[in-house]
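Asker: What follows is a structure written as structure tokens; I'll ask about it next.
Derivation of every value follows stated rules applied to the coordinates shown; laboratory data play no part. Because the structure is a prediction, the values reported are computed rather than measured. In this analysis, Cβ positions are derived from the backbone assuming ideal geometry, glycine residues included, and neighbour counts consider all displayed protein chains.
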Amino acid sequence: MTKKKGRSRRVGGSVTKYKVQSGAIRWRYQLLVGYDPTVPGSGKYVGKGGLLTAAEAEKALQKARADHAAGRDLTATVPTVADYSATWLDGLDLAPATVAGYRRIFTRHVNPTIGRLRLDKVTTTHLARLYRELGQPDQSRTRAPEGLGTNTVHKVHVAVGAMLDAAKEDRLIVDNPARRKSVRAPRAKAIAREKDEMVTWSGTQLRAFLTWDRDDYDDDVAALWWLAAYTGMRRSELLALRWADVDLTGARVQVRRALDTATPGAVKSTKSGRARVVDIDPATIAVLRAWRKTRAALSLDLATADAYVFGTLDGSPRNPMSVSEMFTRRVSKARQVLDGLPALTLHGMRHTHASLLLEAGVSPKVVQERLGHSTITTTMDTYAHVTPTMQRAAADRFADAVGGGK
């Protein structure tokens, strides 16, 4: 019996013409991928039809060959930016708050513009236009109608670049257009130029605010602002603090955890991933003793070792955004009666704590430990504005040490 001869497998690909229903000539290309001559029937044809000329089909075939040689999986269905980014975000093994930040970037800034594009159709031109338009005023934009800041656009670029890197590793694209110089993403110098000048309070201003808040405003959470000022703790660390972490006899606070802003009510490790100890002064000890007594008067459950120091009346952690808004409202009211008091955010209390310590001559290493920075470089870069004061003090101290100042 004669065996029927099968179609020959053209490894290099082919270009053929055909007629459509109207009688017009169209061209298609086909390329065999995954072919193994030792395995009968192996390989799969990929290609595209509807091309108008033989030259166009040949060009498409050459690109397919090049993409295949570069490692792209031509048999895979290439998803859109919106679909792939959702899958990519679901698989990220990062802190929930970081993943939530990436989700906001794609939902608000990326997908409305290029979300419908297939990954392999995203070009440097698309990305350059996206970044440029995000920085321009747009009154139809719900958030930041005046245009996004350079630093925010840079964060968009970082997120898009990371997503496209993953698509490249998944063999869905050959290269990452976000990594090309022609994209013209915001650079570090531009980000630094636009960065807002750090605002801090002087020691006198801090004392005036805390006194006003306690005595005049009669704030029921005055202890929260006090501890923020006197320890430099982050907002999420303050709100995750339990009474078991507070050693009033030993005059120290153990910073072991932080609220997870992406998951209401949940806690996580500190930003550096390490616990730290922050010493506190007698006045702060007195404030915390009085605060615990106040909490116990409301309910003994609010003063137990496991209770949150600054929790709500039902014992749950406070909402971080609500706490920041509370502080902002108090500062606004204080500025109406305290002349020259600058506007300040709650995070500004942390900056104030560090700046006052450095200006007082405290070692940057000690400041780093109190703030929980992972490296001293972070501390020095963040508070570079204090360096001139430190330099002047160092020069005077050296002169005094050797008698040169007399």
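Asker: In Å and on Cα atoms, what radius of gyration and Dmax does the chain show?
Answerer: Calculated on Cα positions, Rg and Dmax stand at 30.8, 116 Å.
Asker: With charges set only on the Cβ (+1 for Lys and Arg, -1 for Asp and Glu), what does the dipole of the stretch 209-344 come to about its Cα centre, in debye to the nearest 20? Mind showing how you got there, number by number?
Answerer: Values: 20 positive and 17 negative charges, 101 e Å.
Roughly 480 debye, rounded to the nearest 20.
Asker: So if I take the centroid of the Cα atoms in the stretch 231-252 and the same for the stretch 112-148, what is the distance between those two points in Å?
Answerer: Centre-to-centre distance over Cα atoms comes out at 43 Å.
Asker: Suppose a student asked you for the relative contact order of the chain, using Cα pairs under 8 Å spaced at least 6 residues apart; what percent would you report?
Answerer: 11 percent
Asker: If you don't mind, another one. Can you list the trypsin sites (Lys or Arg not before Pro) in the stretch 235-279 that are in a DSSP coil and have 16 or fewer other beta carbons within 10 angstrom? All intermediate terms of the calculation are to be shown ahead of the outcome.
Answerer: Values: sites: ARG235, ARG242, ARG252, ARG256, ARG257, LYS268, LYS271, ARG274, ARG276; in loops: ARG256, ARG257, LYS271, ARG274.
Taking the stretch 235-279 and a limit of 16 other Cβ atoms within 10 Å, the loop trypsin sites (Lys or Arg not before Pro) found are LYS271, ARG274.
Asker: Indicate the helices, whole DSSP H runs only, in the chain that combine a mean Kyte-Doolittle hydropathy of -0.5 or more with a Cα extent along their long axis of 27 angstrom or more.
Answerer: Numbers: long enough: 150-169 (28 Å, 0.16).
What comes out of the filter, once short or polar helices are dropped, is 150-169.
Asker: Please grab the % of Cα pairs in the stretch 334-406 that end up more than 14 Å from each other. Please report the intermediate quantities before stating the final value.
Answerer: Numbers: 1766 of 2628 pairs.
So the pairs more than 14 Å apart make up 67 percent of the total in the stretch 334-406.
Asker: For the stretch 113-254, what's the relative contact order in percent, using C-alpha pairs closer than 8 Å and at least 6 residues apart?
Answerer: Working: 93 pairs, mean separation 25.6, N = 142.
Answer for the stretch 113-254 is 18 percent.
Asker: A 32 angstrom limit on the alpha carbon distance is what I want to check against. Which of LYS44/LYS155; LYS17/LYS181; LYS268/LYS365 exceed it?
Answerer: Details: LYS44/LYS155 40 Å; LYS17/LYS181 39 Å; LYS268/LYS365 25 Å.
Beyond 32 Å between Cα atoms: LYS44/LYS155; LYS17/LYS181.
Asker: Right, here's the next one. Per residue of the chain, what 222 nm ellipticity follows from adding -39500 (n - 2.57) for every DSSP H run with n ≥ 4, rounded to the nearest 500? Let's see the in-between values first.
Answerer: Values: 16 runs with 180 residues, N = 406.
That comes out to -13500 deg cm²/dmol.
Asker: What is the spin-label model distance, in nm, from ALA24 to LYS181 if the labels are put 7 Å beyond Cα along the C-beta direction?
Answerer: 4.2 nm
Asker: Next up: Among the listed pairs LYS19/LYS63; LYS121/LYS168; LYS168/LYS189, which are separated by more than 18 Å between their Cα atoms?
Answerer: On the way: LYS19/LYS63 24 Å; LYS121/LYS168 13 Å; LYS168/LYS189 29 Å.
Flagged as over cut-off: LYS19/LYS63; LYS168/LYS189.
Asker: Quote the relative contact order of the stretch 81-194 in percent (integer), defining contacts as alpha-carbon pairs under 8 Å separated by 6+ residues. Each step should come with its number before you reach the end.
Answerer: On the way: 103 pairs, mean separation 31.5, N = 114.
28 percent.
Asker: Right, next: Where nothing but the Cβ of Lys and Arg (+1) and of Asp and Glu (-1) is charged, how large is the charge dipole of the stretch 81-194 around its Cα centre, in debye to the nearest 20? Please report the intermediate quantities before stating the final value.
Answerer: Details: 20 positive and 12 negative charges, 96 e Å.
For this selection, approximately 460 debye.
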